[in-house]
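Have a look at the structure below, then the notes.
Derivation of every value follows stated rules applied to the coordinates shown; laboratory data play no part. Predicted model, so just to flag it, every value in this text is computed and none were measured. Here Cβ is always computed from backbone atoms with ideal geometry, including for glycine, and neighbour counts include all displayed protein chains.
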Amino acid sequence: MNKTIVLFDMDGTLTKPRKKFERFLLPTLSKLASITEIGIVSGSDYDYIREQMALVIEKSEVRYKMHLLPCNGTKHYTPPKNLGCSYNLIHETNMKSKIGKDDYNKLIRTLFNRQSRFSHRLPCFSGNFIDYRGSMVNWCPIGRSATLSERTTFVDWDTSFTPTYREDERGWLLRDFKSNELSLDIKCGGDTSFDIYPIGWDKTYSLKHFPGYDVWFVGDKCSDGGNDKELYELLYTNGRSFATTGPDITQKIIQEKIIPHFIK
């Protein structure tokens, strides 16, 4: 019998965007962890996962069954073996080495240009607009330091357009990457930013860490332009992926769709 693991996106799936994990979901996640291994595959880096999921990965028994897969799984932290152990980084990749210094600098110049070109249109700003995460670049036009109120203002503004500002901007950048022969992909990450990485380094990359496993997945950004799309569609054909709209729906998916499969 194959080993099994259930992978979850974080923002919009296990937590509300940039919010901490809510305690109501812990009993359900604990029950699932008693049956199978669990993983968080997120566009965010390790520090954001640790910040938002502290209740689970530091203070619950689930931590001993939970893999952490930041930056689309291009980093892999294995679960601690006992109370005195920490998560262990066993794999990471480097975007600059993959695409080369010249192409990386070309990307950053492009983002600077887009940031300045559209600054007059955006409803608010904070700070930390471009975040290099080793295996990807996150670009947040309003800044990752935005308050909840500023994020809400941006989301309302973004979704007032058809297509949304981010969908339109993503299309422009994809065309720019192609014309400049940059082998890069870009996805809408969370509610306010973009994840940019070498082609092929989407969330399906996480499967490299689990050869021979039956893998399940739950995510919220599963449609075109979303950073869960590729992994969701790859596993959907086997009936092992589910789209959610938030932690409450994720709980129902675990209770009604996933756990019953393992306890037939």
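The lysines whose alpha-carbon is closer than 27 Å to the alpha-carbon of Lys20, local same-chain residues fewer than 8 away aside, are Lys31, Lys59, Lys65, Lys75, Lys81, Lys187, Lys203, Lys221, Lys229, Lys252, Lys257. In region 121-196, Cα pairs under 8 Å separated by at least six residues give a relative contact order of 31 percent.
Farthest toward the positive end of the dipole of the chain, out of Leu182, Tyr104, Leu25, is the Cα of Leu25, where the dipole comes from beta carbon charges about the Cα centre. When only the Cβ of Lys, Arg, Asp and Glu is charged (+1, +1, -1, -1), the dipole of region 95-198 relative to its Cα centre reaches about 340 debye. Translational diffusion of the chain was estimated from the Stokes-Einstein equation, with Rh taken as the Kirkwood radius over Cα pairs; at 37 °C and 0.692 mPa s the coefficient is 173 µm²/s. Count Lys and Arg as plus one, Asp and Glu as minus one, and take only other residues whose Cβ is under 11 Å from that of Tyr132; the net charge is then 0. Between region 44-103 and region 208-259, the alpha-carbon centres lie 19 Å apart. Farthest towards the positive end of the charge dipole of region 120-264, among the residues Thr164, Pro211, Thr237, is the Cα of Pro211, using unit charges on the Cβ of Lys, Arg, Asp and Glu. Of the residues Glu230, Glu167, the one with the fewest other Cβ atoms within 10 Å heads the list, and the complete ranking is Glu167, Glu230.
Based on C-alpha pairs under 8 angstrom that are at least 6 apart in sequence, the chain has a relative contact order of 22 percent. Our summary gives region 139-264 a relative contact order of 18 percent, counting only alpha carbon pairs under 8 angstrom and 6 or more residues apart.
Evaluating kT/(6 pi eta Rh) at 25 °C and 0.890 mPa s, with the Kirkwood radius of region 95-198 over Cα pairs in the Stokes-Einstein relation, gives 175 µm² s⁻¹. Electrostatic tally near Asp11: other residues with Cβ closer than 10 Å to its Cβ, Lys and Arg +1, Asp and Glu -1, net +1.
Rounded to the nearest 5, the antiparallel percentage of DSSP beta bridges internal to region 108-254 is 75%.
Where Lys and Arg each count +1 and Asp and Glu each count -1, what net charge lies around Asp176 among other residues with Cβ under 14 Å from its Cβ? Once positives and negatives cancel, what remains is +2. Highest mean first, the peptides 136-144, 83-91, 5-13 sorted by other C-beta atoms within 10 Å per residue fall in the order 5-13, 136-144, 83-91.
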